[in-house]
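Okay, structure first, notes after.
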Amino acid sequence: MERGNHTVTGFILLGFSTDPVMQKILFVMFLGVYSLTLLGNTTLIILICNDSRLHTPMYFFIGNLSFLDLWYSSVYTPKILVTCISEDKSISFAGCLSQFFFSAGLAYSECYLLAAMAYDRYTAISNPLLYAQAMSRRLCVCLVVYSYTGGFVNAIILTSNTFTLDFCGDNVIDDFFCDVPPLVKLACDVRESYQSVLYFLLASNVISPTLLILTSYLFIIAAILRIRSTQGRLKAFSTCSSHLISVTLYYGSILYIYSRPSSSYSLERDKMVSTFYTVLFPMLNPMIYSLRNKDVKEALRKLFKLAPSEF
């Protein structure tokens, strides 16, 4: 593929540091985080599949979120680990394109899935007696399928527009994965049409789901205020707290990275924020949805046949 006066066949990922000692420290850190991500999300999926008490719409979405996070983390972390311990920091053009496509598709899918989960919480709180009927199995499956479809269709748009930019000069990516900010920095000239595509994708994949989530929570707050007892209000709010934390952390980092003009990208600062939502966030999600959840704790105790006092 021609790019300017030469053919780009691959890129060099600088990662986080060129210091050998620091690279080894980072390898251990990322290996630990990735191991916890695999363990936490896999365990949560197993619990949801095995325990009949968790066969509800809410846990159906949580299980799908865990599956998505497993996939999402695996797009980045194995390559990060290789980059930390290997002298070969290169990634092929096709490899970079594939990583970019899957990372965008999964990120967008998670935005839609979190919006679907907000609607699920609204339905559960506003109409608890008809919750199971309103959130039917068919509707839940459709919402998950739509989340993935919307995410990957928009990923095709972003990937095709990004990898038809004219790259010139150095092919060194000052980041640990192929992402919009470092690739834009390598482009000879970023067309206004490309910036328009970025804003369109931001609006359709981040802003729109954010508005749906905010609307759902406005109705949730109104429904909670109609509950007479304080205990009932606290119980209703507690069912939303985990999702609210997850949404705040994920959307906050996504909006910070991609809501700014390409001219204001700061690779060092963006690299740290990207690390949070690509590597750390998939590890945190199982903790967010299980640490204060009695149903999950009981299912975990049952799985390992522990007495209540041992857990």
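Descriptive notes on the structure:
- Distance violations [Cα-Cα > 28 Å] among LYS89/LYS185; LYS235/LYS297; LYS24/LYS294; LYS79/LYS302; LYS235/LYS271; LYS235/LYS302: LYS24/LYS294; LYS79/LYS302; LYS235/LYS271
- Estimated at the nearest 10 Å², the accessible area of GLU298 is 60 Å² with a 1.4 Å probe.
- For the pair the range 182-250 / the range 59-127, the C-alpha centres are spaced 16 Å from each other.
- When PHE61, PHE200 are compared by accessible area of protein heavy atoms, the largest-first order is PHE200, PHE61, using a 1.4 Å probe.
- Our summary of shape: the Cα atoms of the range 1-90 have principal axis extents of 60, 37, 14 Å, ordered from largest down, in whole angstrom.
- Sorted peptide list for 147-156, 96-105, criterion being average Cβ within 10 angstrom, highest first: 96-105, 147-156
- Less than 5 angstrom separates the built amide H of GLY15 from those of ASP175, PHE176, all sequence-distant by 5 or more or on a different chain.
- Structure-based [θ]222 nm, the chain - -39500 (n - 2.57) summed over DSSP H runs of at least 4, per residue, nearest 500: -24000 deg cm²/dmol
- Solvent-accessible surface (1.4 angstrom probe) belonging to MET29, in square angstrom, nearest 10: 110 Å²
- Amide hydrogen proximity for GLY10: with H placed 1.01 Å from N in the peptide plane, the residues at 5 or more positions away or on another chain lying under 5 Å are PHE93.
- The range 10-292: C-alpha gyration tensor shape, a/c 1.5 cut-off, then a/b vs b/c: prolate
- Solvent-accessible area assigned to carbon and sulfur over the chain amounts to 67 percent, based on a 1.4 Å probe.
The values are calculated or read from the model by the stated rules, or taken from the named source; none is laboratory data. The structure displayed is predicted, hence computed values, not measured ones. Note that we place each Cβ from the backbone using ideal geometry, even for glycine, and neighbour counts take in every protein chain shown. Ligands, DNA and RNA are excluded from the accessible area calculation, which covers all protein heavy atoms including side chains. Shrake-Rupley method; radii C 1.70, N 1.55, O 1.52, S 1.80 Å.
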